[in-house]
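The structure appears below as C-alpha cells.
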Amino acid sequence: MFSREDIEHISTLCRIGISEKDIEPYRAQLSNILKQFEVLQELDTEKIEPTTNPLSLGTVMRDDEVHESLTKEAALYNAPVRDGDYFRVKAVLEE
Amino acid sequence: MELNELSIQSANELLVKREISSTELTKACLDRIEEIDGDLKAFVSVTNEKALMQALMVDEQKSFENEALAGIPMQLKDLICTKGVKTTCSSRMLEDFIPPYNATVTDRLFERGAILLGKGNMDEFAMGSSTENSAFFTTRNPWNLECVPGGSSGGSAAAVSAREAFYSLGSDTGGSIRQPASLCGVVALKPTYGLVSRYGLIAFASSLDQIGPLTRDVKDAAIVMNGIAGYDPKDSTSINLISPDYTAGLEKGLQGLKFGVPKEYFAEGTEPGVRKALDAAIKVLEELGADLEECSLPSTKYALACYYIIAPSECSANLARYDGVKYGHSQRLAENMWESMELTRKEGFGPEVKRRIMLGTYALSSGYYDAYYLKAQRVRTIIRSEMNDAFQKYDALITPTSPTIAFNVGAKTADPIQMYLSDICTIPANISGIPSMSVPCGFDSGLPIGMQIMGPVLSEAKLLNIAFSYEQATDWHKIGPSL
C-alpha cells in the first residue's frame, strides 16, 4: 500500500506534478490497483524466462548508410520556443 | 441506400464502372458527419477541404481497377501521424501538434488513393475503454447516445458504425480496437504483433501496441489489411514476410476446423445477454461444420494484473518524452527546467495518464523492478505458452469480446478497476502477440454484442475466413443504428 510520501516520491521521479489535494485520491486508487497485482504471487515463476517481446524478436541491425531524414525546419516546426536552429529550454544548471 | 452506407467493395465496383466518383462518396460522408457528428462526437478534427482535394485528384488520376481502397473515404484514430494534419492523441499535451511526417500506414493508404476525412476521438494516449478519458469530449454510442462507444478507439468504432466513414484504423494495446467494435456493432481485427508497421503510431506500450482496421463487414477488413500489412524497415519490430491476399480465402468454409471455447472467458461479470448471444453464435459455427468444445486456459485470471504492470511500465518510459522541449504543450512560467517540466506534464496529462505513469514508474523503480515488472514478464511467458499450447489442439478460440454491452456515460469513471475489467477478454491476445477479431453476434437491450475469434501468430487469413463464414450465415452486419 502506498503512503502519501510514496506518492510524492513517485510523482517527483516521473515529474508529473500533482496538486496537494490530488495526493490522497491517487494514493487510494493506486493502492487499490496494487492490491490487484497480488494475485501474481500465486505463481511460481522462478524458472520461467521473462517475455520482453511476444515474438522473441532479436535486435535489428542495418548498414550504416546516410539517408535523407527530417529537415532541420521540419524537426523544429513544433518547437515551443526556438532560438535559431536550437530548441530553447529553461536554465538546466542550478547555482 | 445512401452512398456512405455502401461497403468498401460495393463502392469500389461502382467506382470502377465510373457510376459514381470519389468526390461523391467523400461528399456523402462529409454530409453525414455534418449531420450527426455534433451529437456523436466521433471526430476530433474533420479535414473537409483536404478530403475533397484528395478525392478530386483520385477521380482524375487514379484507376479504381484492382485498387480496392482508391477513392474510399476513411478516418484515422488521432494517434496515427498525418503530415500537416493535427494529431492530438486526444490530449492537451498534443493539442496543437502537427506531425512533420506520415505514419507508414498513412503513407500506404494514401499511395493507394485513400481519402482522409479526419481524425478519430479516443481515450487520451489510448488509455481507457470508453473515450471518457479524451481531454476534449466523450464520443457517444451510435446505438444509444446515452452510452459510451467503448475505447480507446471509440471514435473509430462510432464513425464506422454510424456510416460517417467507410473504415477507420485504430490501435489495440489491450483491446482498444476490438472492445469498441463490439460495443458499436462493427468488425475489428487486431493483427499479429509486428504485422502492421507502427512507424508514426504515437507509442503507448511498445511490446503490446498494434494497428488494425475497424470496418462494417469482414470482407472490408480483409481489403484494408491488404492495404496496410507488410514489412517496414522503419519499424524494428516489423515482421519481414510477404503478406498473403487476405481476401483470397474468405469462402473456404469451416469444415474440419476445431475451435476451443475457454470457460475462463465466461467468468462472473459476463452479462447473461452476452452469454446467450455467444451460445447462439457457437451453434451457428457448429451448423457450419466446425467442431467446438469447451476448454480451459487457467492462467487467464492472471492476464489483467500482468497487463496492468507491463502496459503502465512501458507507458511511463514512452511518455517521458513529453517534457515541453521539442513539441507539445510547454509551460515556461517556472523558475527552472525541472519545474517547467513538472508544470508542463501536470497541465498536459489527464488523470488516467498520470495514474498509469505513476504506476509504471513505481513498477520500474529501484527495489520494485523484480517484484513487479520482471514478475509480470515471467507471467507473460506462462500465459503466452498456455495460449500457444491451445493452438496445438484448436484452429481458433471463441469467446465474447467484452463481458458487457455498452454502458452509460459516467457509469465506470469513479473506479479505475471497473473500467479495466472491460478489457478482460481482449488483453490475453496482446500479451501473447496473437491476432484476434471481433464480429457482431447479436444484441441485448438494443445494444450490439461481439464475438471474439483468436488464432495463432499470423493466422489472420484463417480468422477472416472464420469470421466471414459466420457473418454470411447471420444478418447482424446488415443492421445499422437508426441514428
Sketch the reach of a paramagnetic label on B:Asn336 as a point 7 Å from Cα along Cα-to-Cβ, and name the residues of region A:54-95 whose backbone nitrogen lies under 13 Å away. A:90-95
Given B:Phe443, B:Gly269, B:Ala165, which one lies farthest toward the positive end of the charge dipole of the protein assembly as shown, if we put +1 on the Cβ of every Lys and Arg and -1 on the Cβ of every Asp and Glu? B:Gly269
Toward the positive end of the charge dipole of the protein assembly as shown, about the Cα centre and with charges on Cβ (Lys, Arg +1; Asp, Glu -1), which of B:Gly175, A:Asn78, B:Gly230 goes farthest? A:Asn78
Where q = 0.07, 0.09, 0.12, 0.13 Å⁻¹, what log10 of I(q)/I(0) comes from the Debye formula for chain B, counting one point per Cα? -0.32, -0.54, -0.99, -1.18
About the Cα centre, charge dipole magnitude for the protein assembly as shown (Lys/Arg +1, Asp/Glu -1 at Cβ), debye: 200 debye
In a Gaussian network model of chain A with springs linking alpha carbons closer than 10 Å, the residue among A:Lys47, A:Lys72, A:Lys35 that fluctuates most is A:Lys72
Spin-label pair A:Leu57/A:Glu8, simplified geometry with 7 Å Cα→Cβ offset, distance in nm: 4.3 nm
Under a Cβ-only charge scheme (Lys and Arg +1, Asp and Glu -1), can you give me the dipole magnitude of chain B about the Cα centre, in debye to the nearest 20? 960 debye
What percentage of the solvent-accessible surface of region A:9-68, computed with a 1.4 Å probe over protein heavy atoms, is contributed by carbon and sulfur atoms? 47 percent
Report, to the nearest whole %, how much of the accessible area of chain B belongs to carbon and sulfur atoms, 1.4 Å probe, protein only. 49 percent
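For A:Ser3, B:Ser366, B:Ser299, A:Ser69, what's the largest-to-smallest order of accessible area, 1.4 Å probe? Please list the in-between numbers first.
On the way: A:Ser3 40, B:Ser366 115, B:Ser299 10, A:Ser69 95 Å².
Result, largest first: B:Ser366, A:Ser69, A:Ser3, B:Ser299.
Per residue, how large is the accessible surface of the protein assembly as shown? Use a 1.4 angstrom probe and give square angstrom.
Accessible area per residue: 40 Å².
With a ≥ b ≥ c taken as the square roots of the eigenvalues of the C-alpha gyration tensor of region B:230-329, please select rounded if a/c is under 1.5 and otherwise prolate if a/b is larger than b/c or oblate if it is not?
Details: a/c = 2.86, a/b = 1.50, b/c = 1.91.
Oblate shape, in that a/c is at least 1.5 and b/c is the bigger or equal ratio.
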Could you work out how far apart the two model spin labels at B:Met1 and B:Glu287 are, taking each label as a point 7 Å from the Cα in the direction of the beta carbon, and quote it in nm? 2.3 nm
With every protein chain left in place and a probe of 1.4 Å, what is the accessible surface of B:Lys50, to the nearest 10 Å²? 110 Å²
Please compute how much accessible surface disappears when A pairs with B, both sides summed, using a 1.4 Å probe, and round it to the nearest 100 Å². 5300 Å²
Simple spin-label estimate for A:Asp64 and B:Leu241 in nanometres, 7 Å along Cα-Cβ: 3.3 nm
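How would A:His67, B:His477 line up by accessible area, probe 1.4 Å, largest first? Display every interim value, and only then the final one.
Values: A:His67 125, B:His477 40 Å².
Largest accessible area first, the residues go A:His67, B:His477.
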Given springs between every Cα pair under 10 Å in a Gaussian network model of chain A, which of A:Leu40, A:Leu76, A:Leu30 has the largest fluctuation? A:Leu76
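Using the beta-carbon distance between A:Lys21 and B:Asp96 and R0 = 22 Å, what value does 1/(1 + (r/R0)^6) give for FRET efficiency, to the nearest 0.05? If you can, show how the numbers build up before the last one.
On the way: r = 28 Å, r/R0 = 1.29.
So the FRET efficiency works out to roughly 0.20.
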Taking every alpha carbon pair in region B:402-483 and sorting the distances into 10 angstrom bins from 0 up to the bin holding the longest one, the percent per bin comes out as 15, 38, 34, 12, 0
By its C-alpha gyration tensor, with a ≥ b ≥ c as the square roots of the eigenvalues, how is region B:289-430 shaped: rounded for a/c under 1.5, else prolate for a/b larger than b/c, else oblate? prolate
Going from most exposed to least, what order do B:Glu19, B:Glu132, B:Glu251 have by accessible area with a 1.4 Å probe? B:Glu251, B:Glu19, B:Glu132
Over 19 Å between Cα atoms: which of B:Lys50/B:Lys77; B:Lys41/B:Lys119; B:Lys219/B:Lys283 fall into that group? B:Lys219/B:Lys283
To make sure I understand the rule: partners must be aspartates and glutamates, Cα under 19 Å from the Cα of B:Lys27, and not fewer than 8 residues away in the same chain. Which ones qualify? B:Glu2, B:Glu5, B:Glu13, B:Glu19, B:Glu35, B:Asp37, B:Glu49, B:Asp59, B:Glu60, B:Glu164
Checking buried surface per residue: for region B:212-250, which residues lose a minimum of 10 Å² accessible area in the protein assembly relative to the chain alone (1.4 Å probe)? B:Ser236, B:Thr237, B:Ile239
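The values are calculated or read from the model by the stated rules, or taken from the named source; none is laboratory data. Everything numeric in this text was worked out from a predicted model, so none of it was measured. All Cβ positions, even for glycine, are placed from backbone atoms using ideal geometry, and neighbour counts span all protein chains on display. Note: areas computed on protein heavy atoms with side chains; ligands, DNA, RNA excluded. Shrake-Rupley method; radii C 1.70, N 1.55, O 1.52, S 1.80 Å.
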